[in-house]
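The values are calculated or read from the model by the stated rules, or taken from the named source; none is laboratory data. All of these numbers come straight from a predicted model, not from anything done at the bench. A quick note on method: Cβ atoms are made from the backbone with ideal geometry, for glycine too, and the neighbour counts reach across all protein chains shown. Quick note on the areas: whole protein, heavy atoms, side chains included, nothing else; ligands and nucleic acids left out. Shrake-Rupley method; radii C 1.70, N 1.55, O 1.52, S 1.80 Å.
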Amino acid sequence: MHAHIHHLDDLLLFSEVVEKGGFSAAARVLNMQRSKLSRRVAELEARLGLRLLQRNTRRVSLTPMGEQIYAHAQAMAREARSVFDLAASMGDVPGGLLRITAPSPLAVTLLGDLVARFCLANPGVRVLLDTRDQIIDLVGEGYDLAFRAQASSLTDSRLIARELAPVPLILVCDAAMARAAPRHPRDLAALPLLAHATLDGLQTWRFAGPAGETESLEYRPRCLSSNMATLRSMARAGLGVALVPRYLCGALLDKGELVQLLPAWQAAPARIYAVMPARRGEPLALRRFLEYAAAELPALLA
């Protein structure tokens, strides 16, 4: 066997550094010391007699020769992942580490318990649940699954999506503001309104009434947030009216700390999707977890 066969894993490490945009990010994903990872890539460069990476304090970039080597390393990494995915899909018992990302309100309120119950029923499965409120590059960062609320179709051909459940939305505010007693969506224009958004500007809510009639309300928000739990807290504090998922409000509604407005008018629900990298051979643990989540989430979100 040729000596270089023993160092193919260094090419995989090099590929991971490029995909993650640097040694620190790659080391976190690989659960490896940054200094050791840097040394392994330096040893690969020494064996090849080529400079593959330009290093600076923030990021690495490929040299012209590095770009050519990376194309081959990337293809090898894809095939290696396919082998392990295929093996994992053919096992009888779910096992291994599932890397999952989800919005923090959903993760804290529902998914933490759901993941715990699944892991207790499947002792061989471990889960990393990432609750960063941002869109993560699933392929680049090595994630198996993302829970996302989205209205448009996917534009990334590397991903596939499966709808899991609708998420009913309700209008809520504190008890003092509820005394305004709006009877129609247009009455909301007299109240301060909160928006689930990150860009300031006019926002629109759309509702269906008890007789099937529709109504739209365009408004300039009193405050905005990208986080639904934050909007719920603002509404609870009396800042304004928020349109938020029902599952976030149950306990506060029961205690009277939030009041639902216009219960006869329904906002179009959000929808939760399972988004995954498109690949050959779905690991058994991922397939079983998706089946479990699809069975449990509709009732939990309702």
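When the distances between all Cα atoms of the range 184-302 are binned every 10 Å from zero, what whole-number percent does each bin get?
Result, from short to long distances: 11, 35, 30, 16, 7, 0 percent.
Can you give the local net charge around residue 169? Use residues other than it whose beta-carbon is closer than 13 angstrom to its beta-carbon, Lys and Arg +1, Asp and Glu -1.
Net charge around residue 169: +4.
Mind giving me the FRET efficiency for residue 180 and residue 300? R0 is 25 Å, r the Cβ-Cβ distance, nearest 0.05 is fine.
0.20
Quick one: with all protein chains in place, what share of the accessible area of the chain is carbon or sulfur, to the nearest percent (1.4 Å probe)?
Carbon and sulfur together cover 53 percent of it.
How big is the range 128-224 on each of its three principal axes, counting only the C-alpha atoms and giving the largest first in Å?
50, 30, 25
What are the residues whose amide H is under 5 Å from the amide H of residue 164, where those residues sit 5 or more places off or on another chain and H is modelled from the backbone?
272, 273, 274
Quick one: if you stick a label point 7 Å off each Cα along the C-beta vector at residue 9 and residue 43, how many nm between them?
Placing both labels 7 Å along Cα→Cβ, they lie 1.0 nm apart.
Using r as the Cβ-Cβ distance of residue 35 and residue 204, and R0 as 45 Å, what FRET efficiency do you calculate, to the nearest 0.05?
0.30
Taking only protein heavy atoms and a 1.4 Å probe, what accessible area per residue, in Å², does the range 245-302 have with all protein chains in place?
With the other protein chains kept in place, the range 245-302 gives 45 Å² per residue.
Report the antiparallel proportion of the DSSP beta bridges in the chain as a percent, rounded to a multiple of 5.
70
Beyond 27 Å, what percent of the Cα pairs of the chain remain?
Summing the P(r) tail past 27 Å for the chain gives 55 percent.
Within a Cβ distance under 15 Å of residue 249, other residues only, what is the Lys/Arg minus Asp/Glu net charge?
+1
For the range 99-166, with every protein chain kept in place, what is the accessible area per residue (1.4 Å probe, Å²)?
The answer is 51 Å² per residue.
Okay, helix-only estimate at 222 nm for the chain: each DSSP H run of n ≥ 4 adds -39500 (n - 2.57), divide by all residues, round to 500 deg cm²/dmol; what do you get?
After summing the helix terms and dividing by the residues of the chain, the value is -11500 deg cm²/dmol.
Would you tally the net charge around residue 46, using a Cβ to Cβ cut-off of less than 14 Å, leaving residue 46 out, and scoring K and R as +1, D and E as -1?
Local charge sum for residue 46: +1.
Using the Kirkwood formula over every pair of different C-alpha atoms, what hydrodynamic radius in Å results for the range 236-281?
Final number for the Kirkwood radius of the range 236-281 is 13.6 Å.
Of all beta bridges DSSP finds with both residues in the range 115-244, what is the antiparallel percent, to the nearest 5?
Bridges in the range 115-244 that DSSP calls antiparallel: roughly 70 percent.
Suppose each label sits 7 Å from its Cα in the direction of the beta carbon; what would the residue 216-residue 72 distance come out to in nanometres?
5.7
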